[in-house]
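Presented below is the structure to which this report refers.
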C-alpha cells in the first residue's frame, strides 16, 4: 500500500504514526539518521547524536540576571549569573541552525503559592523578612511570579519561535513538570545544560535527568553561580564523577562544524 496517502499523527517527527482508515504505520520512519558529533569533554571525549540532543537553559531570568531583579534587590552581585549570556549568544544560533532544540526552563510560581511547601519559601527568605516568592519587590516586580518581569528571560537572550518553554516551581525542572514527556516525545536522549545557578537549579535538574536515563553534559562557560567558588568546584567534581560530563560551548560548536 502506498504510504504517501497515510496522514501523520503525532506532534513531533521522532514519535509520529502515519494512518488512514485501514492502516496504522507505527514504524516512526521519519526518525532522522544518526548525526555523530565528537567533542572534547571530561572525564572523556564524548560522541553524541546531534539529532537526539537538546540544550536546556535554566533560569536565565531577570530575577537572577538583571539589575532590579530579585538577587539584585537582595544585594547579591549578579555578575557571575550574567557570565553565561555571551557564550549562549554565540552557541544558540549554531544549535538552531543544526536543528538542535533549545529548551528554556524557568521559574514561574503561582500567585497563590498553593503548590509550595514551607521549605521552599524558607529557602528564599529564611527569616521571613522582606519580599519572598510571588511577592513584589519594593518598586519592582513580583518575585519569579509566572508572567511577571522577574520571570522573563533576560533581554540579551532572544528565544526563537521554535524554542520550547517549560515552567518549573522547584529547583529541579523535572519535578511536577512536563519536561520529561516533551523530551521523550522528541526522541531526545542527550542533554546539554546551561544557565544558573550551576550548583542549585542546574545541578538538581541535571541529576534528575541522569536518574531518568538521559545522557548529561554541563557546559562550563554557559553556567554560572553566585555561590562561593567551592560550590562550583564541588559541582564540577560531582558531574564528572557521578552523573556525566563537563564540556564547553566552544567544543560543541567545533564538533558541529562539517
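Laboratory data are not the source of any read-out in this text; all were calculated from the coordinates shown. Keep in mind that what you see is a predicted model, and the values were worked out from it rather than measured.
Sorted into 5 angstrom bins from 0, the C-alpha pair distances of segment 6-78 split as 3, 13, 11, 10, 9, 9, 11, 12, 9, 6, 4, 2, 1, 0 percent.
Could you bin all the Cα-Cα distances of the chain into 5 Å bins starting at 0 and give me the percent of pairs in each, rounded to whole numbers? Pairs per bin, as whole percents: 1, 6, 13, 16, 17, 15, 11, 8, 6, 3, 2, 1, 0, 0.
Beta bridges from DSSP with both residues in segment 18-131: antiparallel share about 60 percent, rounded to the nearest 5. For the Cα atoms of the chain, what angle does the longest principal axis make with the long axis of helix 85-97, in degrees from 0 to 90, nearest 10? Value to nearest ten degrees: 10. For segment 124-244, the percent of C-alpha pairs falling in each 5 Å distance bin, counted from 0 to the bin holding the largest distance, reads 2, 9, 16, 21, 20, 16, 10, 4, 1, 0. Using C-alpha pairs below 8 Å separated by at least 6 residues, the relative contact order for the chain is 23 percent.
What's the angle, to the nearest 10 degrees (0 to 90), between helix 229-238's Cα axis and the longest principal axis of the chain? The helix 229-238 is inclined about 30 degrees to the chain. Calculated from DSSP H runs of 4 or more alone, at -39500 (n - 2.57) each and per residue, what is the 222 nm mean residue ellipticity of the chain, nearest 500? Per the formula, -6500 deg cm²/dmol.
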